[in-house]
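K.L.:
Quick one: this structure, given as C-alpha cells, is what I'll be asking you about.
The values are calculated or read from the model by the stated rules, or taken from the named source; none is laboratory data. Computed from a prediction, not measured in an experiment: that's the story for all the values here. Note: ideal-geometry Cβ built from the backbone for every residue, glycine included; neighbour counts use all protein chains shown. These area figures cover heavy atoms from the full protein model, side chains too; ligands, DNA and RNA do not enter into them. Shrake-Rupley method; radii C 1.70, N 1.55, O 1.52, S 1.80 Å.
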Amino acid sequence: MKDNIQTSCYVKGLHCASCVSIIKKKTAPLRGLANIDINLATNQAQVTYDPHQTSLSAINNQIQKYGYELIPNQAHSPSTSSAPHKQIETIPSSELHSPHQEQLSQLKKLKSAVLILFPLAIIYFFLMFHHVAVSLGYLEPPFWGPLVHTQISLIVATIVQFGYGQRFNQSFLRFLKYRAADMNALVGMGTLVAYFYSAAQVLFPQLQTLFGDHASLHFDVVIIVIGFITLGDYLVASSKAKTGEALAKLVGLQVKTAIIIRDGQEVAIPISQLQSGDVFLVKPGAKIATDGKIVEGESSIDESMITGESLPVDKTVGDFVTGATLNKQGFLKVQATQVGDKTVLAQIIQAVTTAQNSKAPIQNLADKVVSIFVPVVLAIAFISLITWILIGNFGLGLLCFIGILVVACPCAMGLATPIAITIGVGKAAEAGILVKDAQSLQQLRKINFIVFDKTGTITYGRPTVVDHNLSNEQLAILLALEKQSEHPLAGAVVKYAQKKLTNPRLPKVDKFAIIAGSGLKGSIKGVQYYAGNERLAKELKIKIPPSFLKETSHSGCTPIFLLTKKELLGALWLSDEVKKEVPAIIERLHRRGIKTALLTGDKASVANLIAQQTGIDEVLAEVLPTQKSQKIKELQNQGWRVAMVGDGINDSPALSQADVGIAMGTGSDIAIESASITLLGGNIAKLPVSIDLSKDTLRTITQNLFFSFFYNGAAIPIAAGALYPLWGIVLSPAIEGVAMVFSSVSVVLNSLRLRKKKYDQNC
C-alpha cells in the first residue's frame with residue numbers, strides 16, 4: 001500500500017536463526033504489518049507497516065514477551081513521532097546512536113561474562129578429562145578428594161546456572177509459557193536438567209541407585225556449556241560488528257558541519273540545517289559538506305571514498321561535486337543541490353543497507369530447515385530419552401537428552417548466508433560497486449554472456465580528436481574559428497588544438513558566421529576560411545580526395561575540413577574514443593569463459609571497428625532503443641545467462657530484461673534505477689571484480705551451508721547415542737556444547753575471509 005512506511009531497526013535479544021523464525025511467526029497475525037525482514041548477520045530488521053493500523057510500539061508489545069525488542073535506527077520512533085503518517089526513511093543517519101550503543105553494551109556484558117566464565121570452563125574441561133583418566137586408572141585421584149570437588153562444583157554450577165546463565169533459564173521459562181523455543185531455551189532446558197539431576201544426587205545420594213550405570217554428576221556440563229556458549233556469543237557478536245564495517249565507514253563519511261557566510265563572517269552550522277540552494281565554503285583539505293555545484297574556485301577532488309578511484313579529479317566552476325569527498329587543494333564556494341537523504345552518499349548507504357538485509361535465493365533452504373528445526377530437535381531429544389528409559393538405562397537416556405539439546409544449534413545454518421552476503425555487499429561498496437540486492441549478487445556468478453552498450457560504456461561518450469594533417473599555422477586558424485562556436489564538436493577541437501599548440505597567437509576573426517548543417521566561416525587577414533563537413537566542401541565545389549573519405553569511412557570518425565573558397569587545406573578527425581582499459585577487461589572476461597557483444601544504434605561499420613579494437617565477440621548494430629530489450633530476450637531464449645551493461649535512458653528496458661543489469665555510475669538516473677548493480681564512477685574495470693566477488697561470496701555461502709548441515713546431520717545422531725550400541729561411545733554434553741559453539745564460530749570466521757580478499761582493478 002502506498003500509505004505503508006518502512007523503518008530500519010536494531011533487533012535486541014536476537015541470538016540465533018530460530019529467534020528470527022519466532023519473531024516472524026508471532027508478528028504474522030498483526031493487522032497492518034506488511035513485512036518484517038531480519039538479517040541475523042547484522043541484527044537489523046526492515047519493518048514495513050501501515051501506521052493507520054499498527055505501530056512499532058504494537059509490534060514490540062507482541063514480541064517483547066518472547067524476549068525481543070525493535071530499536072529504531074532513527075533518533076525517533078515512528079510510533080511516538082508527532083507526525084505518525086510521515087514517511088520514515090530507512091537511511092542510516094549520523095544519529096545512529098541507540099542501536100550502536102545497544103550493540104556496544106551487549107558486547108561489554110558478554111566480555112565481562114567471558115572473563116569469568118571461560119577460565120572456569122577451561123578448568124572444568126580439563127578436570128572432566130582428568131576424571132575420565134582417573135576412572136580408567138591412568139592417573140591418581142586428586143588430593144582434595146571427591147567430596148570437596150563435588151561441593152565446590154555444586155557452588156560454582158549454581159552461580160553459573162542462575163547467575164550468568166539467567167538468559168537461558170528465562171528463555172526456557174518463556175518456552176513453557178508461550179510454546180516458542182529458541183536456541184537459548186534448548187540450552188536452558190539442557191543445563192537445568194543437568195544441574196537439578198546432579199544436585200539431586202548430591203543432596204539425596206540414595207537416588208543414584210535409581211539412575212543406572214550412567215548415574216554421574218554433570219556440574220561440569222553446566223559450567224562448560226554455558227561458558228563456551230557465552231564465549232561463542234561474544235566471538236560471533238564481535239565478528240558481526242566487523243561484517244558491518246563497510247557500512248559503518250560509509251556512515252562515518254558523513255560531514256557533521258558546513259561553513260557558510262553570515263554577516264560577513266564564516267559560521268559553522270550543523271549539516272542538518274543546510275538547505276538546497278545555500279552556498280557553503282570548502283577549504284583545502286576539508287570534506288565537501290553535501291552534493292553541490294561549484295560557483296567559485298577550482299581544485300582537485302579525491303572521490304575515492306565514493307567511487308573507489310584513487311586519482312583526484314579536477315573540478316572548476318560549473319562542475320558538480322559529491323558530499324563527503326575530499327577537497328585536496330583549492331578554496332571552493334559550492335551551492336548545495338542535494339541535502340539529507342537525497343545526496344549520493346545517503347543513497348549509497350541506503351542501497352548497501354537494503355542489499356545487506358536482502359535474502360539470496362540460496363538462503364530459502366536454510367530458512368525452511370530452521371523454521372522446523374527446534375520442534376524436531378525437541379521431539380528427537382524426548383524420543384531418545386524415552387527409548388533409553390524403555391531399554392532400561394535412564395542415566396544414558398538423560399545424558400543423550402541433554403546432549404541433543406546442547407549440540408543441536410541452528411545458528412550456523414542461520415548465519416551461513418546472511419553473514420557472507422553482508423560482507424560481500426560491503427566489500428563491493430568499498431570497491432565502488434553498488435549491489436541492489438542479494439539475488440543480483442547470486443545471479444552474477446552464473447552470467448556467461450555480457451552485452452555492452454557503446455556510448456558512455458565502451459567509449460567515453462564525448463567527441464575526441466584522434467588525428468589531423470594540419471600544420472601548426474593551419475591548426476591555429478582552425479582554433480581561432482572554432483573558439484567562436486558553441487557546437488559540441490567545436491569544444492573538442494578547441495581542447496585538442498590548445499593542447500597541441502604551445503602559447504598560440506590566435507589571429508583575429510572577422511565576419512564570423514555559422515553555416516547551418518555544414519560548419520562555420522570567418523575572415524582572417526582578408527582570407528575567407530571555412531571549417532565544416534563534406535556537405536560544406538560540396539557547396540564550395542571543392543573535391544575531397546578519396547583517401548580522406550576512405551580513411552573517414554574506415555575509422556568511423558567524423559571529419560572537420562579546413563578550406564578556403566578554392567582549396568582543401570587539411571582535415572581533423574574526431575571520434576568517440578574507446579576507453580583505454582576496455583580491451584584488457586574484455587580479455588579478462590574471456591578468460592572467465594564469458595562471451596561478449598556490442599549493442600548499439602550506431603552504424604555497423606563503426607560498431608565493427610570498435611569490436612575489432614576491443615576484442616568483443618559479436619556486434620548488434622543499428623538497433624533502435626525499443627529493440628534493445630528484444631535482442632537481450634533473443635539471447636536468453638538461446639540459453640545464455642545475460643548481463644547488460646549500459647548508461648543511457650534508452651538502455652533501461654534492456655537492463656531490466658537482462659538476468660543482471662549493470663549500470664555505469666556516470667549514467668542516467670533511470671538506467672541506474674533499472675540496474676541490479678551500479679559501477680560507481682563509471683569505471684568498467686570494476687566489472688570483472690564484481691563477477692569475482694559474486695563467485696567468492698556464493699562459494700563462501702555454499703561452504704558455510706555444507707558445514708552447518710553436515711555438522712547437525714552428524715552431531716544429533718551421535719548425541720542421541722547412535723555409537724553406544726556398537727562401540728560403547730557416549731560423548732559428554734560438555735564436549736558437544738564446545739563443538740556446537742565452534743560450528744557457529746567457524747561459519748563466521750570462514751565468511752570473514754572475504755574481508756581479506758584483494759581484487760585487482762588494474763587492467
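K.L.:
Picking from L345, F449, P733, whose Cα lies most toward the positive end of the charge dipole for the chain (charges on Cβ: Lys, Arg +1; Asp, Glu -1)?
P.N.:
About the Cα centre, the residue reaching furthest to the positive side is F449.
K.L.:
What is the list of residues in segment 276-292 whose amide nitrogen lies under 14 Å from a point 7 angstrom out from the Cα of K256, following Cα to Cβ?
P.N.:
287
K.L.:
Under a Cβ-only charge scheme (Lys and Arg +1, Asp and Glu -1), can you give me the dipole magnitude of segment 584-645 about the Cα centre, in debye to the nearest 20?
P.N.:
About 280 debye.
K.L.:
Another question, then. With the contact rule set at Cα under 8 Å and sequence spacing of 6 or more, what percent relative contact order holds for the chain?
P.N.:
Contact order relative to length: 13 percent.
K.L.:
For a protection proxy built on the mean count of beta-carbon atoms within 10 angstrom, sort 743-752, 623-632, 147-156 highest first, please.
P.N.:
Descending mean neighbour count gives 743-752, 623-632, 147-156.
K.L.:
Further question on the same structure: Which is farthest toward the positive dipole end of the chain among Y10, F401, T325, measuring Cα position about the Cα centre, with Cβ charges +1 (Lys, Arg) and -1 (Asp, Glu)?
P.N.:
The one lying farthest along the dipole's positive direction is T325.
K.L.:
Full-extension gain between D314 and Q335, please, as 0.36 nm times their residue separation minus the C-alpha to C-alpha distance.
P.N.:
5.8 nm
K.L.:
Here's a follow-up. Determine how large the accessible area of S471 is when every protein chain is in place; take a 1.4 Å probe and give Å² rounded to the nearest 10.
P.N.:
Answer for S471: close to 50 Å² accessible.
K.L.:
Under 5 Å between amide hydrogens, which residues at least 5 positions from E618 or on another chain qualify, with H placed 1.01 Å from N in the peptide plane?
P.N.:
T596, A597, L598
K.L.:
Let me ask something else about it. Return the long-range amide H neighbours of G165 (sequence gap of 5 or more, or a different chain), with a cut-off of under 5 Å between placed amide H atoms.
P.N.:
Correct list: empty.
K.L.:
Between K525 and K499, what length comes free when the chain is fully extended (0.36 nm per residue of separation minus the Cα-Cα distance, one decimal in nm)?
P.N.:
Length gained between K525 and K499: 6.9 nm.
K.L.:
How big is the dipole moment of the chain about its Cα centre under a simple scheme where the beta carbon of each Lys and Arg is +1, that of each Asp and Glu is -1, and everything else is neutral? Debye, nearest 20, please.
P.N.:
860
K.L.:
Can you give me the distance in nm between label points at I372 and L147, each placed 7 Å from the Cα along the Cα-to-Cβ direction?
P.N.:
5.4
K.L.:
In nm, what is the difference between 0.36 nm times the number of residues separating F196 and F710 and their Cα-Cα distance?
P.N.:
Between F196 and F710, full extension yields an extra 181.8 nm.
K.L.:
Amide H neighbours of D319 under 5 Å, counting only residues 5+ apart in sequence or on other chains, H built in-plane at 1.01 Å?
P.N.:
Amide H neighbours of D319, under 5 Å, 5+ apart: I294.
K.L.:
Can you give the longest stretch of the chain with no exposed loop site, where a site means chymotrypsin sites (Phe, Trp or Tyr not before Pro) in a DSSP loop (not H, G, I, E or B) with at most 14 other C-beta atoms within 10 Å?
P.N.:
For chymotrypsin sites (Phe, Trp or Tyr not before Pro) (loop position, at most 14 other Cβ atoms within 10 Å), the longest site-free span of the chain is 332-763.
K.L.:
Hey, another quick one. With a point put 7 Å past each Cα toward its Cβ, work out how far F126 is from L107 in nm, to one decimal.
P.N.:
Label-label distance for F126 and L107, simple model: 3.0 nm.
K.L.:
Next up: How much accessible area does E69 have with a 1.4 Å probe, in Å² rounded to the nearest 10?
P.N.:
60
K.L.:
Along the positive direction of the dipole of the chain (beta-carbon charges: Lys, Arg +1; Asp, Glu -1; about the Cα centre), which of I159, L620, Q265 reaches farthest?
P.N.:
So the residue furthest toward the plus end is L620.
K.L.:
Go through D651, D263 and list them by solvent-accessible area, largest first, probe radius 1.4 Å.
P.N.:
Ranked from most to least accessible, the order is D263, D651.
K.L.:
Right, another one. Would you mind pulling out the separation of the Cα centroids of segment 40-64 and segment 434-509, in Å?
P.N.:
Answer, in whole Å: 52.
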